[in-house]
1. To check you understand DSSP bridge types, tell me what percent of the beta bridges within chain A (both residues inside) are antiparallel, rounded to 5.
2. I want to verify the translational diffusion coefficient of segment B:17-134 in µm²/s; compute it with Stokes-Einstein, Rh as the Kirkwood radius over Cα pairs, at 20 °C and 1.002 mPa s.
3. Between A:Y229 and A:S68, take the C-beta separation as r, use R0 = 41 Å, and let me know the FRET efficiency to the nearest 0.05.
4. Rounded to whole Å and sorted largest first, list the principal axis extents of the Cα atoms in the protein assembly as shown.
5. Gain in length, A:K108 to A:L91, computed as 0.36 nm per residue apart minus the alpha-carbon separation, to one decimal in nm?
6. In whole Hz and in residue order, list the ³J(HN,Hα) couplings for segment C:190-195 that follow from phi through the Karplus curve 6.51 cos²θ - 1.76 cosθ + 1.60, θ = phi - 60°; x for Gly and Pro.
7. Skipping prolines and chain starts, which residues have an amide H placed within reach, meaning under 5 Å, of the one on C:V64, given they are 5 or more residues away or on another chain?
8. In deg cm²/dmol and to the nearest 500, what is the mean residue ellipticity at 222 nm of the protein assembly as shown if only DSSP H runs of at least 4 residues count, each as -39500 (n - 2.57), divided by the residue total?
Amino acid sequence: MAKDEFISTGIDKLDKLLEGGTPRGFSVLILGTPGSSVEILCKQLATVGKVLYFTTEETEDEILNTISRFGWDKSNIKIVDIASEYSKAVLSSEEKRISVYKQRSKIKLKELIEIGSSGLPPTQKGAEDFLAVLSNKLKSAKYEKIIINSLDFFLSQYRQEEVIRTVHAAKISNLENKGVLFIIMTRGIHGDIFERKMEGIADCVLELEVLQKGSAFERFLAVKKMKNYAKKIGIARYIIDSDGFVLEMIERIM
Amino acid sequence: MANVLIDGLKERISNAIKINQSIGIMLPGSNYSDLVQALFEYINSKPEEAWVYVTVTKPYGTLVKQYEYLLEAKNIKFIDCISRAAGILRSDSNCIYLESPSMLEKLGLEIMNIFKEVDEDTEKFLVIDSLSNLIIYNDAEIVTEFFYHIVNRTRAKDIHTISLAIEEEGLEKHLNRLIYLNDKILKVRDSFI
Amino acid sequence: MQEEERLIVDNERCKTGIDELDIQLGGGIPTGSTVLMVGSSGSGKTTLCMQFLINGAQQGERGVFFTITEPLFKLTKNMEGFSFYDKKLVESGMVNLIDLRIISERLGLDTEKYTAEDASALLDILRDIADELNVKRLVIDSITALCYRLQTPEMIRDFIFKLGSSLAAMKCTTLLTSEVPPMTFQYSQYGIEEFISDGIMFLGDLERKGDLIRTFQIVKMRGAAHSRTKSAMSISSKSGVELAPLLKSRE
């Protein structure tokens, strides 16, 4: 029964901290800070279960390489490479500029006149709408885990309200699919109010923190919120070794 | 009695317009409806002529209700300057509605445009009903200028004009100046029969 | 420039087809001129320009209308309300309507922003099209919208001067529309369009007793002894644009 109710995160001790894994249908917000290696956590999460992985900063190749390096299973990951699409879009718009004259020489004048006098006005076709890509893929997804790394990209391209709306929709469809949705976001750059809103939407909030202790840095993973499972709130120190995330010391808060 | 009065008016108009290019008719307000009736009956008796009737006094709708034969008349076109401004929206094949009685240039254009479509051989007549009401909606100076233009342009195109002026206190000074631009002035008096 | 002088000596005039306007111009616009048609939105610039083209077409002069503000279907829908608008002339290719945005999109230009190269590429095309169609009358509606897509005042300046010299080299008579805010007395948005034009016509408004009267004035017309008086302008579906002497009210 327990197996059906929870989905393993892929990290032993984290499952333990969560007492079995993440409940099905949960939306998990992971707040990272620079240096917390949240990107490694993402990949590790992706090694267990059938996974749909949206990547906005790293390319598909980079991700697969990293996973191989750790020796994890990558057979069940489907990657949506927004990072590559985005850079392609940026590049091609630059390319287009250079080739106006080239383009011109390719089109016959008569043809051009005909197009100009008969065609309908161009639909405002700017860059690809990545938020639409995200929400469309999410709707049709039948995956156990969906990972979005990271929301920062969408927040830099779209208005917060639009992003929130998409996240809401994603949460609902995830609930129906009984999978787990992981959304990664950097803490402290999108404003307190937005962060509170996101924490409000999420069923579970994990926070990664880096603290300086003397000359060393210590990293902590805190379970800040766990809807309907009050006792699962706790904090753990972690290190990253050749196996990935290793949680060392678990402290229960409740 | 009324018929005698109207017949008398018709005769005076008929005689005056035959020998003059333009006539001005000054009348007291109490004679207004008699004069209009006489004028319409006269126009109706001349189907071979082309008439343009500019009304600044009564809406076209009111006029045709009163004189139903105007609806069928082929020899008269109306330009109604007041219905639109009064918020009356209707469209008639026989009538052009002007947005406002202060659009005098537009009025001038519409008048000439109607006459443009009339055969050269057809006798053409313009009625302005009335100068006194144009002055109510416009500065007297601008109406004077407008009327000068109209008189000159209609003369150039051999169009007869009949302009009505209802005597009103305070307007006499302006009306006199306007009305004397005409070749002939008719003064309608209660006592004239 | 020399070309232009010759044409004026020949006293060739390009009739607008608006009777009063042709009278005011002393017969028409000197052939080969570039005229700036200035007015706020809704002042009748587009209608006047279309009337100019239709009229030319009726006299056997081919014309082209480049629109950049209004999509074609909207433009034709508006024009079909006017009785002067003879669809057959468009269908037969005597009047060509061309959406510049479609052209620029087809060239891979970002339709909302032009670089200097984009702009001059577009200018080349404009000229090529005019040559190919062998037009005698050309309209660009509007130059303001074209300049709006350029990023800096310097680029706009350059573009306008290039446009000016391209147009001067062409043999056709050109109307450029220029959009200005209502109730202003400037002739152009960027303050330089007027320098490349041989003529300026100003479409304005005048308030009289609470009504807005449309006005029209030829501000400048090189090579023509023209009237400078302000006229009243009327736009009607039956007659299109018409002019009448403006009555001087005491303001």
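1. Of all bridge pairs located within chain A, approximately 50 percent are antiparallel.
2. Calculated translational D: 145 µm²/s.
3. Rounded to the nearest 0.05, the efficiency is 0.75.
4. Computed over the Cα atoms, the extents are 123, 67, 46 Å.
5. 3.5 nm
6. Rounded to whole hertz, the list is 9, x, 10, 4, 5, 6.
7. C:N96, C:R137, C:L138, C:V139
8. -12000 deg cm²/dmol
The values are calculated or read from the model by the stated rules, or taken from the named source; none is laboratory data. Here the structure is a predicted model, which is why all the values come from computation and not from measurement. Don't worry about glycine lacking a Cβ; one is built from the backbone with ideal geometry, like all the others, and counts go over all protein chains shown. Keep in mind that these areas ignore ligands, DNA and RNA; they rest on the heavy atoms of the full protein, side chains included. Shrake-Rupley method; radii C 1.70, N 1.55, O 1.52, S 1.80 Å.
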